[in-house]
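> Structure provided below as structure tokens; questions to follow.
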Amino acid sequence: MKNLISKTLGGLSKEYYFRQLFFGLLFFGLILWFTMQSSQPLNIPALTFYFISTLLYPYSRFVYESIVSFILGNNVFHMNAIIFLSFKFFMMLMCLFFAVLIAPVGLLYLYFYNTI
């Protein structure tokens, strides 16, 4: 069991994991802040889902960046910074909200990559 956890959850570098976790926690903080500002009562199941998605966010981001790296390779694109950052922000949100679905793919990949 320890081997399984170290090959999957410990498969990312610490720098990459904590960088992505920082952004995930930043989004979670924003969601929490907007929830607190709303007049409706706290939705505990939704906040639990967002928290779990935050913990899985680094793995879903790993899958997304691996796919983009495979498709684009080492090409460099020059474009407007506002458009680029808007797209990047949108993709970060998509990776966060779909982390529960995307992260298992990344965990499986890390397990097989660290086994071979």
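> Report yes if Gly106 is buried (at least 16 other Cβ atoms within 10 Å of the Cβ), modelled with pLDDT under 90, out of contact with any Lys or Arg (no Cβ under 7 Å at 6 or more places or on another chain) and not β-branched (Val, Ile, Thr), otherwise no.
Judged against the criteria, Gly106 is a match.
> Say whether the condition of being more than 10 Å from the chain's Cα centre (by Cα) and assigned to a loop (DSSP other than H, G, I, E, B) is met by at least one residue in region 86-100.
No; the residues of region 86-100 include none that is more than 10 Å from the chain's Cα centre (by Cα) and assigned to a loop (DSSP other than H, G, I, E, B).
> Take the residues in region 32-42 that are open to solvent by less than 90 Å² (accessible area, probe 1.4 Å) and modelled with pLDDT under 90; name whichever of them is nearest to the chain's Cα centre (by Cα).
Checked region 32-42; the qualifying residue nearest to the chain's Cα centre (by Cα) is Thr35.
The values are calculated or read from the model by the stated rules, or taken from the named source; none is laboratory data. As the structure is a prediction and not an experimental result, all values here were calculated from the model. Methodologically, a virtual Cβ is constructed for each residue, glycine included, from the backbone with ideal geometry; neighbour enumeration extends over all protein chains shown. Only protein heavy atoms, including side chains, enter the accessible area calculation; ligands, DNA and RNA are left aside. Shrake-Rupley method; radii C 1.70, N 1.55, O 1.52, S 1.80 Å.
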